[in-house]
Amino acid sequence: MQQSKVSRADPTDFVRSLRDGIGQPLNVNAQMDVHEFWNLLFDILEGNLQTTHQPDLLRETFGGVLSNQYICQGGSHYISREERFSYLSIVVKHHETIAEGLKQFVQGEMLSGSNAYLCTECQSKQSTIRRSVIQTLPGMRTFTHN
Ligand SMILES: [Zn+2]
């Protein structure tokens, strides 16, 4: 559409061609939230791509990597685990911009008191910052508003 004079696309043929994991047509009358539909669509398309010469096309296009981090405040110990994602839920309510929502997303939280994290290096519960930061951005970012 970006390269054409058409202002809209008719997805009817595309939607009719979609089949779930057991070969049933997609029920377009079933109400889903956007994340649920995205995951279903992603799974269907990724499954169909496995027999093509680009089986990782969706993951390479829409996939990113989060680094889930635990930063121990007692001894500056650091644990990081990678997690792949195809979308992020960024809260934009009460924010002026998406950037503010992203800033809050990566800010993280302090685990302390009864929520303190058991640090294996310190071998005791320590106040710990838990946060998720974007390690690798997807090639294509999609934003929805709900
Ligand atoms: Zn520690």
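The values are calculated or read from the model by the stated rules, or taken from the named source; none is laboratory data. Being a predicted model, the structure only gives us computed values, none of them experimental. So basically every Cβ, Gly included, is an ideal-geometry build from the backbone, and we count neighbours across all protein chains shown.
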Between PRO11, PRO25, which is loosely packed, with under 13 Cβ neighbours inside 10 Å and in contact with a strand residue (DSSP E or B) (Cβ under 9 Å, 6 or more places away or on another chain)?
PRO25
Just to be sure before I move on: is THR51 in contact (Cβ under 8 Å) with a residue 12 or more places away in the chain and β-branched (Val, Ile, Thr) in the structure I sent?
no
Condition test on HIS94, is it within 30 Å of GLY113 (Cα to Cα), touching a residue at least 24 places away in the same chain (Cβ under 8 Å) and either surrounded by fewer than 12 Cβ atoms within 10 Å (Cβ to Cβ) or over 15 Å from the mean Cα position of the chain (by Cα) (or both)?
no
Is there a residue in the stretch 61-70 that is over 18 Å from the mean Cα position of the chain (by Cα) and not hydroxyl-bearing (Ser, Thr, Tyr)?
no
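Residues are listed down the side, and each one gets a yes or a no for (1) of a type in the set (Ser, Thr, Tyr); (2) more than 23 Å from ARG141 (Cβ to Cβ):
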{"site": "ALA9", "(1), (2)": "no, no"}
{"site": "THR12", "(1), (2)": "yes, yes"}
{"site": "GLN24", "(1), (2)": "no, yes"}
{"site": "ALA30", "(1), (2)": "no, yes"}
{"site": "PHE37", "(1), (2)": "no, no"}
{"site": "PRO55", "(1), (2)": "no, no"}
{"site": "GLU60", "(1), (2)": "no, no"}
{"site": "LEU66", "(1), (2)": "no, no"}
Need the failing condition index for MET32 against (1) in the same structural domain as GLN123 (by TED's automatic domain parsing); (2) at pLDDT below 90; (3) among the hydrophobic types (A, V, I, L, M, F, W, C), just the number.
(1)
Given (1) within 24 Å of PHE143 (Cα to Cα); (2) surrounded by 11 or more Cβ atoms within 10 Å (Cβ to Cβ); (3) in the same structural domain as LEU118 (by TED's automatic domain parsing), number of the condition HIS77 does not satisfy:
(1)
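Within the stretch 18-119, considering only strands (runs of 3 or more DSSP E) that don't extend past its boundaries, which have at least 3 residues that are more than 16 Å from the ligand (Cβ to nearest atom)?
Values: elements: 64-72, 78-85, 109-111, 117-119.
So the answer is 64-72, 78-85.
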